[in-house]
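Note sheet for the following structure.
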Amino acid sequence: MIIANWKCNGSKAMTNTWVNNFLTNYDETKKAFIGIAPPSIYIQRLLETELNKLAEINIGSQDIDISSGARTGAISSDMILDFDCKFSIIGHSERRQLFNETNEEIKQKILKIAKKTITILCVGETREENKNDQTRDILKKQLEVVKDIELNNSLVIAYEPVWAIGTGNTPTPNNINEIHKFIKDVVQSTSYNSEYPMVLYGGSVNQENAKSFFKEEFVDGALIGGASLDGKEFANIINIFNETN
């Protein structure tokens, strides 16, 4: 599973160029799950492009709101389902830091779409927490949002160390693999029905380093930010994933 998170980037012109560059470079030999999360205003535009002809391409949302109604600017879970979005990212570190999202709010969001569409729950520690050897404690606390929830295979965890996002710095592939195994074990022991989730890695993934991550046993794919803004590079990362798995 490879997911593109465009964040707050995009335009009509960028979308057209991106799709053309992606389709020119994407190798259809294998059919891994490919997700693209553009800003919500461009969801419909992507759904109307040539991407729609590829069954493995799935358009999703970068976030949902905890409710609906009198909440100006919000996007509800019902709205993304109405547009046939195949997944939503939940709990991204930028939502936690810039919008002060709490674990309780994130849990409410999971409950809104659990079992209805794929939920990609982001977790990750800061540089200071990493230096203080608090990574596992922080992740365990963030993963409390799945406690006592009956899950199915629609829940995916994305491990994104905050200090690696957009910095060019990454943990070693072996460290990532160990953390992914830890995350899988925590979710299995915490969720109501002992779900063992897929875990993606995110944080400065690009076409140069992707293979080193994808070779690890417990790395099930990637959530890609900056490198996903280039259709050619995103296609190349998918090709590398398909060649490695």
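The values are calculated or read from the model by the stated rules, or taken from the named source; none is laboratory data. In this text, all values refer to a predicted model and were calculated from it rather than measured experimentally. Cβ sites come from the backbone with ideal geometry, for glycine too, and all protein chains shown count toward neighbours.
Just one residue in the set THR119, THR72 is among the β-branched types (Val, Ile, Thr) and within 14 Å of the chain's Cα centre (by Cα); that residue is THR119. Taken as a whole, the structure leaves GLN142 outside the set of residues that are in a helix (DSSP H, G or I) and closer than 20 Å to GLY225 by Cα. Only one of the numbered conditions (1) part of a loop (DSSP other than H, G, I, E, B); (2) closer than 19 Å to ASN242 by Cβ is not met by TYR196, and that is (2). Within region 176-190, is there a residue that is polar (S, T, N, Q), on the phi > 0 side of the Ramachandran plot and without any contact (Cβ under 8 Å) to a residue 12 or more places away in the chain? Within region 176-190 (the criterion being polar (S, T, N, Q), on the phi > 0 side of the Ramachandran plot and without any contact (Cβ under 8 Å) to a residue 12 or more places away in the chain), the answer is no, since none of the residues qualifies.
Candidates ASN9, ASN20: the one that is assigned to a helix (DSSP H, G or I), surrounded by fewer than 22 Cβ atoms within 10 Å (Cβ to Cβ) and of a type in the set (S, T, N, Q) is ASN20. Condition first: surrounded by fewer than 17 Cβ atoms within 10 Å (Cβ to Cβ) and in a helix (DSSP H, G or I). Can you find one or more residues in region 51-74 that meet it? Checking region 51-74: at least one residue is surrounded by fewer than 17 Cβ atoms within 10 Å (Cβ to Cβ) and in a helix (DSSP H, G or I).
When LYS141, LYS107, LYS147, LYS116 are checked against the criterion of being surrounded by fewer than 22 Cβ atoms within 10 Å (Cβ to Cβ) and closer than 17 Å to SER61 by Cβ, a single residue qualifies: LYS116.
Among the residues here, LYS31 qualifies as of a type outside the set (A, V, I, L, M, F, W, C), exposed (fewer than 12 other Cβ atoms within 10 Å of the Cβ), in contact (Cβ under 8 Å) with a residue 12 or more places away in the chain and out of contact with any Phe, Trp or Tyr (no Cβ under 7 Å at 6 or more places or on another chain). For region 77-95, the set of residues classified as touching a Gly at 6+ places or on another chain (Cβ under 9 Å) and either free of Cβ contacts under 8 Å to residues at least 60 places away in the same chain or surrounded by fewer than 18 Cβ atoms within 10 Å (Cβ to Cβ) (or both) consists of ILE80, CYS85, LYS86, SER88, listed by residue number. Scanning region 151-193 for residues that are assigned to a loop (DSSP other than H, G, I, E, B), touching a helix residue (DSSP H, G or I) at 6+ places or on another chain (Cβ under 9 Å) and over 17 Å from GLY124 (Cβ atoms) turns up LEU151, SER154, SER191, TYR192. Any residue that is assigned to a loop (DSSP other than H, G, I, E, B), at pLDDT 95 or above and touching an Asp or Glu at 6+ places or on another chain (Cβ under 9 Å) - is there at least one of those in region 31-41? Taking every residue of region 31-41 in turn, at least one turns out to be assigned to a loop (DSSP other than H, G, I, E, B), at pLDDT 95 or above and touching an Asp or Glu at 6+ places or on another chain (Cβ under 9 Å).
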